[in-house]
Amino acid sequence: MTNNKKESRRAFLKTAGIGTVVSLASLGSGAVPTAVAADRPRRKFQLALASYTTRKFDLDETLAMANRVGLEAICLKSFHLPLDATPEEIAAVVAKTKDAGITLYGGGVIGLKNQQQIDQAFDYAKAAGMTKIIGGPTPDMLPAIDKKVKQYDIQVCIHNHGPGDTHFPTPETAYDLVKQFDERIGFCHDIGHTKRVGGDPAAITKKCADRILDFHIKDVTEATKSGHATPCGRGVIDLPTMLRTLDEIDYQGYVAFEYEENADDPLPGLAESVGYVRGVLDSI
């Protein structure tokens, strides 16, 4: 971490003050973090978990971790709800998630690269009561996805994958292509991957605001292809500006933590990330 980054983090934490301390203390105790002050407007977006974070853990453990850090919504990866699950298996996962007090809002990232994958994804999402498919399509399949979106009324949120993604490295690169289609086709903006291609996540979010349908929040160590995951607040993304931007564009979806570092033991880094972000939100 550079000296400037250290000073910036130190200055923020000083400004955030007790909000950050209370958030982190709540996470450590297993209690759900307390609400913001009564005189502060309630934000329209909700913090959630992308279950790729817990890819080496089963559904029960994943839901327990979400509860531990006070996240009340989840997007399940196929590790936790297989794409070929039977209707009975899907119903059991839905019931278990609901019993844990967690909203199952989406699934993914799901490949949407041919008609079979598209048909399967929409049937899967409908059976689970999901409102969003976090997808990885190819541009040539967007017309087929457009037809399904109109038929099922389920949003498709294209997940950008940064360096190496020839079609959707950032939302900005494919915005003009996507805006030709139904407004329920948009982006799951992964700000980590955007940063790794040298993009400005806040500026790109503003530019593509009308098509930002889901959001993956994280931090990365460098604004290069070599950048890798790190707990929120330890990397190079300006998260206070990013979160202010979500307020500015009146974002009303989910902000899902996709913490990719240390797959064998993600809870400490996830808890630190959630505590940091809650501290930021309490201070802006």
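Observations, loosely collected:
- In this structure, the pairs whose alpha-carbon distance is over 20 Å, taken from Lys150/Lys207; Lys126/Lys148; Lys113/Lys148; Lys96/Lys218; Lys77/Lys126; Lys150/Lys218, are Lys150/Lys207; Lys96/Lys218; Lys150/Lys218.
- Legend: translational diffusion of the range 42-166 by Stokes-Einstein, Rh = Kirkwood radius over C-alpha pairs, 10 °C, 1.306 mPa s; D = 106 µm²/s.
- Couplings for the range 118-125, taken from phi via the Karplus curve 6.51 cos²θ - 1.76 cosθ + 1.60 with θ = phi - 60°, read 5, 4, 4, 4, 6, 5, 4, 5 Hz in order; Gly and Pro are left as x.
- The H on the amide N of Asp219, modeled in the peptide plane, is under 5 Å from the matching H of Thr230, Cys232, each at least 5 residues off or on a different chain.
- In this structure, the amide hydrogen of His189, modeled 1.01 Å from its nitrogen in the peptide plane, lies closer than 5 angstrom to those of Leu213, Asp214, Phe215, His216, counting only residues at least 5 positions away or on a different chain.
- Around Leu270: net Lys/Arg minus Asp/Glu count, Cβ-Cβ under 14 Å: -2
- Charge dipole of the range 225-284 (Cα centre as origin; +1 on each Lys and Arg Cβ, -1 on each Asp and Glu Cβ, all else neutral): 140 debye, rounded to the nearest 20.
- Rounded to the nearest whole angstrom, the semi-axes of the ellipsoid equivalent to the range 86-147, taken from the Cα gyration tensor as √(5λ), stand at 25, 11, 8, largest first.
- Among Gly199, Gly111, Gly164, the largest mean-square fluctuation in a Gaussian network model of the chain (Cα springs under 10 Å) belongs to Gly164.
- Phi-based couplings in Hz for the range 252-258 (Karplus 6.51, -1.76, 1.60; Gly and Pro marked x): 10, x, 9, 10, 9, 6, 10
- The range 233-284, accessible surface, carbon-and-sulfur percent (1.4 angstrom probe): 40 percent
- Rounded, prolate or oblate (a/c below 1.5 giving rounded, otherwise prolate when a/b exceeds b/c) for the chain by Cα gyration tensor: oblate
- Mean residue ellipticity at 222 nm, helices only, the chain: -13000 deg cm²/dmol; runs of at least 4 DSSP H residues each add -39,500 (n - 2.57), and the sum is divided by the number of residues.
- 5 angstrom amide H check on Thr103, placed H, neighbours 5+ away: Ala73, Ile74
- Computed from point charges on the beta carbon alone (+1 for Lys and Arg, -1 for Asp and Glu), the dipole magnitude for the chain about its Cα centre is near 700 Debye.
- Between helix 142-152 and the chain: long-axis angle, C-alpha atoms, 0 to 90°, nearest 10: 90 degrees
- The phi torsions of the range 45-59, fed into the Karplus equation with coefficients 6.51, -1.76 and 1.60 and a -60° offset, translate into couplings of 9, 10, 6, 9, 10, 8, 6, 4, 3, 10, 4, 9, 10, 7, 4 Hz, rounded to whole numbers, with Gly and Pro shown as x.
The values are calculated or read from the model by the stated rules, or taken from the named source; none is laboratory data. Quick caveat, the model's predicted, so the values are computed rather than measured. Because the Cβ atoms are built from the backbone with ideal geometry, glycine has one as well, and the counts that use them run over all protein chains shown. Each accessible area value is taken on the protein alone, full model and side chains, heavy atoms only, with ligands, DNA and RNA left out. Shrake-Rupley method; radii C 1.70, N 1.55, O 1.52, S 1.80 Å.
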